[in-house]
There are 2 protein chains.
Amino acid sequence: MRLSKLNHKVAISIPLCYVTFNVKLRIKQKVIMMNVWRIEQEGYEASEAADSGNRFLIGNGFVGVRGTLEEYGADKQVALNLAGIYDRAEGHTWREPVNAPNGLFAKLEHMGNIIKHKQILDIRHGIHSRETMYEHAFLKIERFASMATPHIIHQRIIVEPKNPVTLICGIDADVWDINGPHLIDIHSQGGDVLNVSAKTHEKNQPISVCETCDKAHDEIRNMGHSVFRVFYITGRFVLDRTITINAEAVSTTYDVALEAHKSIWEKLWRGSAVKIMGDENAQLSLNYSMYHLHSIAPRHADSLSIAARGLSGQVYKGAVFWDTEIFLMPFFTRTEPHLAKKLMRYRINGLDGALAKAKAYGYNGAFFPWESQDGGVEGCTDFNVIDVFTNRPVRTNFRDKQIHISGDIVYALCQYMDWTGDETLWKTGGMTLAKACAEFYLSHAYCRVGSNVLEFTDVVGPDEYHERVDNNAFTNRIAAYTLERAGMTYPVRKPRVKNGVIEQFDGYFRLEDCSLDVVKSRLKDEREYWGTVNGVAFTTGIIKQADVVTLLSLFGEDYPMEIKKANLAYYEPRTEHGSSLSACMHALLFCETGESELAYPFFVETAEIDITGKSKQFAGLVYIGGTHPAANGGAWLTAIHGFCGLKVKNGELQIAPRLPGAWEKVTFTVILRGVEHRVTVTKDGWDASAYPKD
Amino acid sequence: MRLSKLNHKVAISIPLCYVTFNVKLRIKQKVIMMNVWRIEQEGYEASEAADSGNRFLIGNGFVGVRGTLEEYGADKQVALNLAGIYDRAEGHTWREPVNAPNGLFAKLEHMGNIIKHKQILDIRHGIHSRETMYEHAFLKIERFASMATPHIIHQRIIVEPKNPVTLICGIDADVWDINGPHLIDIHSQGGDVLNVSAKTHEKNQPISVCETCDKAHDEIRNMGHSVFRVFYITGRFVLDRTITINAEAVSTTYDVALEAHKSIWEKLWRGSAVKIMGDENAQLSLNYSMYHLHSIAPRHADSLSIAARGLSGQVYKGAVFWDTEIFLMPFFTRTEPHLAKKLMRYRINGLDGALAKAKAYGYNGAFFPWESQDGGVEGCTDFNVIDVFTNRPVRTNFRDKQIHISGDIVYALCQYMDWTGDETLWKTGGMTLAKACAEFYLSHAYCRVGSNVLEFTDVVGPDEYHERVDNNAFTNRIAAYTLERAGMTYPVRKPRVKNGVIEQFDGYFRLEDCSLDVVKSRLKDEREYWGTVNGVAFTTGIIKQADVVTLLSLFGEDYPMEIKKANLAYYEPRTEHGSSLSACMHALLFCETGESELAYPFFVETAEIDITGKSKQFAGLVYIGGTHPAANGGAWLTAIHGFCGLKVKNGELQIAPRLPGAWEKVTFTVILRGVEHRVTVTKDGWDASAYPKD
């Protein structure tokens, strides 16, 4: 019975049909060819630039380059999205990350119509390329955001003309912004070095893009603040360009830079690759997920985190959510602990912002931002949704009441410490942070008259459709965890349990119990927001995303198997999975209950999300498209902790294999307390060898 | 400055121009003539039947007869509205009071066009009449709901024909219902006695209307379940009809019955009349307000209360709100204490319903219904408003979170006891009720960790536009009062005060502070509901009605004069006065601060509300028109406690005169602890004589 409920999910992978080494995915009548390290898309569809921009993203943690074509402009959502640089534009109440002028701009003139076109992403090495056969010329352009020198993006343009054509390339200063403009005092300059420099509107931070190339141009062309080189081409022409962002202009050799770049990618894969025997589709989507994680990890910084939409643009204000702590930290903690440490250092350095936020609301301790921007300042507003019927902003309570965020951070910090054995973070701010979060919870808590049991009332749990609830089971547990880890002993209200089902919050069982279809049928506008008081889900038991299921995934040891089964059976059919954080928590818990076949479709959904582009694009009238790092992290979590059943007990690595149908064998690598474990898992056994890391 | 803010209120009385003994009021191009005991309206306007139905209402506490014309049917909102009999129709989740078949139906045939028409209400004796000059006949019909025998309504029909006409009169079984039908198994019968009998749908309660008359009919005519007598009239014709509801059919003599009826009205006025010298307009509207209070008071019952819309129909489900305790009880306690006792007995007898409601929500003690119906059962649903944009019901929290209702009842009970000195109510259930309400508050309260101060979180205060607030100042105070009176000593959180202004609830001062006009300008539909999360008021400091001002009116002794002034100055401009409970609390408090001239327009608004019909007709898509007993009670409160400054200190009656401009002298009567005090108040003095009551 439960399987039939899940059938609609299985359908997501139906368009995938296997061709020897390739996977063909049909999306909106377009065919995407893939093998485990490569994606190809044929056909020139300017109207789908937004989708491709996410699907073909490259990045190196410092900058994300959307997978748009070189000739595209701001109207096609081109972006060189900069990590950790935020700006508040005139007339706006919130910040968003800054996009740099597009130094990668390039286009042919006099080339005639397009005969054939494809776009390729090498996900092993983070190299984007496009090949276009025009009537009068063949054009190939390759680009990569250097993993070796993060401020630099390299581009190689190859033109093979049949008739004379003109190449225009340079820096397009017409930047795409969702809530901009962010750049002021823009100056541009042509010469051996092209340069567009500007300052951010709010804080006057300098933004500068330089370009050098290895050929002399025929002409410089200026258009507004943009500056271009012009080459008149009559024979085969190869141009290597070096784009430098916020650094001195440099000239490098393309092939040398590419080798350096590739060798870092190879190193990353050596430390993290997961090999799945028997399921090429899963191998591809897992590789693709991990590709995204590697591309957006801030290796260049000492203290920086990852935005909820990675480096794919300005959606969600480029802010850091609990996604990092709960969905990304496991991957980095186990494969690149020094990077996981940077992510947590970002939170420790953001403690002042969290103290200030708590104080502003009248609480003690640290209330971390729901949407953390530079320096840990809250970027979330009181109005996260635009009502489709009135066009008025709707008061949401994500900022002021989603208090589990502080506990999520303590959880990740302690998981890092427990896994790595590294106590330096804890000793240099981590413990202070944990205690401050515990103080926050203590000051937020209420007790009934004559009772000493803490209750957390008027909160928003992971299921954001039910705002302002009392004693959300997940929130209470993460608060209790925080108090424990901070060394404070207080009893915390336990959730009510009815026939094994944990009540998501006080009174949840009194809500209208109806199906997802019934709730959908009440929509008057497909873009309308399901949550808050006027939303169709609010008065029903239909939830946005894993909530109790997340509790059971994170705190599995609290509950026996039958409770987990009962809650999956109850909540899954009542879950919209309207968040990309939902599927992987279900996948993980289905593995936990030994139901790998039920877990599998959720794994596929999680792992394929940025290939298919099948995710929610709107919350009310607010655009929320982009890439989904948390789902990417969730894919790895499901593969390793779910299907392979990785656990640590008493400092020892343990494996409880529960590989799904087609999976014959999985090999992977994790670093536990300084020791690299290379693990092989089969359906009914496992093996690991340990190598001390230096 | 404050005066200019209030100018829009003064405007309400501008249409009133004085003509010796009459007042002319222009409403929608119609002229209403009034003197202090009489209202006349000329012109036959069937389209305004709803308005006139309220304005010309008669009643005797057992039945309310809407002021519609005798020839009108269900489509014109004719109603014989029965007190305390409720029914839930098929397919509905709530009950509403039952309307009886209309035994007063009468119409002429062959009478030609209308030449002249007027409708008259004698508010001294509760007699409705209409006089219509047709082409071929003059018709006068008089009716009154007997104060002497409440089950009976009398009607006298006078026809003076110029040419032969036909009179059809009888019982119209086509009953007007908002959410009906409520009557099943309808049977009718013609003969000497006409009868329509039926049962209510839900509980099979018998409803029976009989009619007798003093002339032999020419014919009986049946139409559906309706049954009529037919008289062919050629000369002057007088017919006296007796309509009996839920009792044996009786034949009485009209003139004898009228004298008995009038003598009771005279007795009521002897005990309650307020004479205002110098302001005839105020005299009329106060008389009119008291007329309504007398007409709906359930003198026939031992334990019954008054619905928020009196006996004017089914609006607000005929339910009893806090209106009775806070706005009506003062009048009855001081002029007719035995009646006040019946109103409170209704609550004491409803304790079981309140205990059950508290239990269902997981609380101890007594949580009284927000909308109390028969036996004290909650009639309020979770959805009180229909959203105008989606036509979907909106989740409101009146039922589950407007917890001040329990305290309001304890307050009224104690005020009754303190004023009358009668402890029998307290000893026969009152104390039990008060203790149960205190237990409810104790179980609802939360304390901060390590504190013993009670906080009342997640409540709705009198200002219903801001739902789910913490520590509403009024709610906390009435809860503290309840605990005190129940003999339980607990500290309760005091409100924050900023520059003398009491914060309505935690965080109120953080809301957007904008003008009423700005909020109005954001409306997209004039009927849309201002409250709950999506409403235009919710995120602003604009409030629906007196909230802190009600606190200061009820608990004036807690606060010095300058605090009262500061709060009036702050809150009045931020109040929509979207409830008929708002104006009189402002009037009272302005009197308290010695600003009678500022109080006056609010008094006029309160006292005239059911004459002008200028009140809110819709909340979202829900019709809320009808009469306004709370405003009627508020008019008396303002005149006596406001302008005359009546107080009791140490069992002694005290007067602090603050008569407004035109008022030269006021005389009134109150009964204090069994002694009738006849009081005369002038601008600068007062006098009282005491007469022990038997």
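The values are calculated or read from the model by the stated rules, or taken from the named source; none is laboratory data. In this text, all values refer to a predicted model and were calculated from it rather than measured experimentally. Note that we place each Cβ from the backbone using ideal geometry, even for glycine, and neighbour counts take in every protein chain shown. For accessibility, only protein heavy atoms count, side chains too; no ligands or nucleic acids. Shrake-Rupley method; radii C 1.70, N 1.55, O 1.52, S 1.80 Å.
Seen through its C-alpha gyration tensor, with square-root eigenvalues sorted a ≥ b ≥ c, segment A:170-315 comes out oblate because a/c lies at 1.5 or above while a/b is not bigger than b/c.
What FRET efficiency, computed as 1/(1 + (r/R0)^6) with R0 = 30 Å and r the Cβ-Cβ distance, is obtained for A:F618 and B:L621, rounded to the nearest 0.05? Between A:F618 and B:L621 the formula returns 0.65.
Counting 0.36 nm for each residue step from B:E423 to B:H338 and taking away their Cα separation leaves a gain of 29.3 nm.
A simple spin-label model places the labels of B:D517 and B:Q654 4.2 nm from each other, with each point 7 Å out along Cα-to-Cβ. Is segment B:349-465 rounded, prolate or oblate when judged by the Cα gyration tensor, a ≥ b ≥ c being the square roots of its eigenvalues, rounded requiring a/c under 1.5 and prolate requiring a/b larger than b/c? Because a/c hits 1.5 or more and a/b fails to exceed b/c, segment B:349-465 counts as oblate. Taking Cα atoms only, the orientation of helix A:254-272 departs from the longest principal axis of chain A by about 20 degrees. A helix-only calculation puts chain B at -8000 deg cm²/dmol for mean residue ellipticity at 222 nm, using -39500 (n - 2.57) for each DSSP H run of at least four residues, averaged over all residues. Look at the dipole of the protein assembly as shown built from charges on Cβ: of A:I609, A:V410, B:L568, the Cα furthest out on the positive end belongs to A:V410. Entry comment: accessible area of chain B is 35 Å² per residue, from protein heavy atoms only and a probe of 1.4 Å. For the protein assembly as shown, the carbon plus sulfur part of the accessible surface works out to 51%, probe radius 1.4 Å. Taking label points 7 Å from Cα along the Cα-to-Cβ direction, A:A74 and A:K162 give a separation of 3.7 nm. The P(r) of segment A:28-267 has a tail past 22 Å containing 52 percent of all C-alpha pairs. For A:K215, neighbours were defined as the other residues whose beta-carbon sits under 14 Å from its Cβ, and their charges (Lys and Arg +1, Asp and Glu -1) total -2. With a 1.4 angstrom probe, the accessible area lost at the A-B interface totals about 2900 Å². A:E109 label point (Cα plus 7 Å toward Cβ) to equivalent points in the other copies: 9.4 nm, shortest first. For B:K693, a cut-off of 23 angstrom between C-alpha atoms picks up these lysines, skipping any fewer than 8 places away in its own chain: B:K262, B:K267, B:K275, B:K341, B:K342, B:K427, B:K647, B:K649. Once all protein chains are placed together, A:Y361 keeps about 50 Å² accessible to a 1.4 angstrom probe.
Converting phi to 3J(HN,Hα) with the Karplus coefficients 6.51, -1.76 and 1.60 and the offset θ = phi - 60°, segment B:460-473 yields 10, x, x, 6, 6, 6, 10, 7, 6, 9, 9, 6, 4, 4 Hz in sequence order, with x at every glycine or proline. Inter-copy label distances at B:S451, shortest first and taken from points set 7 Å along Cα to Cβ: 1.8 nm. The dipole here belongs to the protein assembly as shown: it is taken about the Cα centre, uses +1 on the Cβ of Lys and Arg and -1 on the Cβ of Asp and Glu, and is about 860 debye.
Net charge within 14 Å of B:G429 by Cβ-Cβ distance, Lys/Arg positive one each and Asp/Glu negative one each, not counting B:G429 itself?
For residues surrounding B:G429, the net value is +2.
Using the alpha-carbon atoms, what tilt in degrees (0 to 90, nearest 10) does helix B:337-349 show relative to the longest principal axis of chain B? So the helix axis and the longest Cα principal axis differ by about 70 degrees. Karplus-derived 3J(HN,Hα) values for segment B:72-83, using 6.51 cos²θ - 1.76 cosθ + 1.60 with θ = phi - 60°, are 7, x, 3, 5, 9, 6, 5, 7, 9, 8, 8, 6 Hz; glycine and proline are entered as x. Buried on complex formation within segment A:427-450 (loss of at least 10 square angstrom of accessible surface versus the isolated chain, 1.4 Å probe, ligands and nucleic acids ignored): A:L442, A:S443, A:A445, A:Y446, A:C447, A:R448, A:V449. Taking segment B:190-224 and a reference point 7 angstrom along Cα→Cβ of B:S251, the backbone N atoms nearer than 17 Å belong to B:190-195, B:210-219. The same position B:T253 in the other copies lies at 13.0 nm from this copy, comparing label points 7 Å beyond Cα toward the beta-carbon, shortest first.
How much length is gained if the chain between A:R236 and A:M133 is pulled fully straight, taking 0.36 nm per residue apart and subtracting their Cα-Cα distance, in nm to one decimal? Walk me through the numbers before you get to the answer.
Details: separation 103, 0.36 × 103 = 37.08 nm, distance 1.39 nm.
Result: 35.7 nm gained on full extension.
Shape class of segment A:303-365 from the Cα gyration tensor (axes a ≥ b ≥ c, square roots of the eigenvalues): oblate, since a/c reaches 1.5 or more and a/b does not exceed b/c.
For the pair segment B:317-341 and segment A:284-333, the centres of their Cα atoms are 65 angstrom apart. Segment A:166-220 to segment A:403-432: how many Å between their Cα centroids? Answer, in whole Å: 41. With a cut-off of 10 Å between beta carbons, the residues surrounding A:G578 carry a summed charge of -1, where Lys and Arg count +1 and Asp and Glu -1. Between B:E266 and B:N204, what is the FRET efficiency for a Förster distance of 30 Å, r being their Cβ-Cβ separation, to the nearest 0.05? Calculated transfer efficiency: 0.15. By the Kirkwood approach, averaging reciprocal distances over each pair of separate Cα atoms, segment B:239-387 gets a hydrodynamic radius of 17.9 Å. On the principal axes of its alpha carbon atoms, chain B extends 86, 57, 56 Å, with the longest extent given first.
In plain terms, the chain from B:D525 to B:E90 could stretch by 153.4 nm, reckoned as 0.36 nm per residue minus the Cα-Cα distance. Can you give me the angle between helix A:582-592 and the longest principal axis of chain A, using Cα atoms only, in degrees from 0 to 90, rounded to the nearest 10? Orientation of helix A:582-592: about 60 degrees from the principal axis.
Which of A:K565/A:K683; B:K524/B:K544; B:K498/B:K616; A:K118/A:K614; A:K357/A:K544 have a Cα-Cα distance over 29 Å? Table pairs above 29 Å Cα-Cα are B:K498/B:K616.
Shielding value for B:215-223 is 0, the average number of Cβ atoms from other chains within 10 Å of each residue's Cβ. Treating the protein assembly as shown as a set of equal point scatterers at the Cα positions, no solvent, please give the Debye-formula log₁₀ I(q)/I(0) at q = 0.06, 0.08 Å⁻¹. Scattering profile of the protein assembly as shown, log10 relative to I(0): -0.68, -0.98.
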